[in-house]
Amino acid sequence: MIKVGITGQNGFIGQHLYNTLGLFNEEIERVSFQRDFFSDNLKLTEFVSQCDVVVHLAALNRHDDPDIIYQTNITLVRNLVDVLQTSGKKPHVIFSSSSQEELDNLYGKSKKEGRQLLADWAHREGAKFTGMVIPNVFGPFGNPYYNSFIATFCHQLTHGESPKIEVDGQVKLIYIDELVKIFLREIRTESGKGLLNVPHTAEYKVSEILNMLESYKLQYLEGGVIPALNTPFELHLFNTFRAYIRIENHYPVKYLQHIDSRGDFVEIIRLNIGGQVSFSTTLPGIIRGNHYHTRKIERFVVIKGLALIQLRKIGTPEVHEIYLDGDKPSFVDIPIWHTHNIKNIGDENLYTIFWTNEFYDQKDHDTFFEIV
């Protein structure tokens, strides 16, 4: 069992890494970290003493005063080094640095110098250290105006605002799940490579990305159409966009019913990609689901009966409740990293249609159990 602690576990990268490690609980034990540990040497020492691997993510990315960014990030690293030295503990330390190391700004300087401080500690103590230099990271749950321009654009487009491009340059990117896989590899191998330049997986101009996001707003948010997603990057960008839609304001989305003497006709889904459509009946009082997906796009449609759908983002307490009625056809799309279920709350059988963008594969099911 590998015991892993993550400083900054509630940040953008931290929460994704922490939640993903939870999928491997027979192999990896997560050591909980709290923000106040850095202001209490006893708590920080206790935290470090429990860890086989410490992933140091805690950092300040943005502030009106660049000097505060620099001083904060250097102080965090020095505090960690001091505790490692005084405790005599030698966990494998993995440090998250940035491709901004080579730029002329104090954030990049703080990351480069922080990486070197930890590398020096590891060299002195004979410990394992991996300093990961990471390109621009994007994905669901990033903070707009803080973590990335993609988070900002997604927030603006789903909240009635108009994005503006300040500099239309080429940007090298990596999706959060791709980055987490690299962290997981380093945690498992404990190689202590020293410097690790993380390769980007996509490169686009800012305007190209904004054009894609605007098309997702037009097609999906306003038209209900699943867009064509021809590359892994397009799927990642679309799932990122979906994460910023306010569940409580958007769902359920009502269908247009065509009614004549023969009965009703409802168009369930328009899509520019493939996938799998499934059908289920559920007895009164029965609950299906209580699981989540990390990449799948999934739509629930009730065509007969009364249903309650519950959604909760992994790692958070808030539960969204959405009611669907087969007499008033509507749908709910399930965001990634949201555990969900559907319950028959009526007196008759519930008829539900499910669509997902990929075929079910028992060897790569992307379905993880957790009670809502």
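Odds and ends about this structure:
- Label-to-label distance for PHE368 and LYS304 is 3.7 nm, based on points extended 7 Å past Cα in the beta-carbon direction.
- Ordered by the number of other Cβ atoms lying within 10 Å of each residue's own Cβ, fewest first, MET1, MET132 fall into the sequence MET1, MET132.
- Those aspartates and glutamates that a straight Cα-Cα span of less than 20 Å connects to LYS89, excepting residues fewer than 8 apart in one chain: GLU29, ASP40, GLU46, ASP52, ASP120, GLU125, GLU186, GLU190
- Counting lysine pairs in the stretch 248-369 that sit 8 or more residues apart in sequence, or on different chains, and whose Cα atoms lie under 16 Å apart gives 6.
- The trypsin sites (Lys or Arg not before Pro) of the stretch 39-91 that meet both conditions, a loop assignment by DSSP and at most 15 other Cβ atoms within 10 Å of the site Cβ, are ARG62.
- In terms of surrounding Cβ atoms within a 10 Å radius of their Cβ, CYS154, CYS51 rank from fewest to most as CYS51, CYS154.
- Using the rule -39500 (n - 2.57) for each DSSP H run of four or more residues, divided by the residues of the chain, the 222 nm mean residue ellipticity is -9500 deg cm²/dmol.
- Dipole moment magnitude, nearest 20 debye, the stretch 248-369 about Cα centre, only Lys, Arg, Asp, Glu C-beta charged: 180
- Residue exposure proxy: SER148, SER191, ordered by other Cβ atoms within 10 angstrom of their Cβ from fewest to most, comes out as SER191, SER148.
- Dipole orientation for the chain: of the candidates PHE359, TYR145, THR72, THR72 has the Cα lying most toward the positive pole (charges on Cβ; Lys, Arg +1; Asp, Glu -1).
- For volume of the Cα convex hull per residue in Å³, calculated from these coordinates, the label among (i) 161; (ii) 149; (iii) 140: (ii)
- Centroid-to-centroid, using Cα positions, the stretch 173-251 and the stretch 1-73 are 23 Å apart.
No lab work stands behind these numbers, since they all come straight from the coordinates. Predicted model only: the values in this text are computed from it and were never measured. Neighbour counts run over all protein chains shown; Cβ positions are idealised from the backbone, glycine included.
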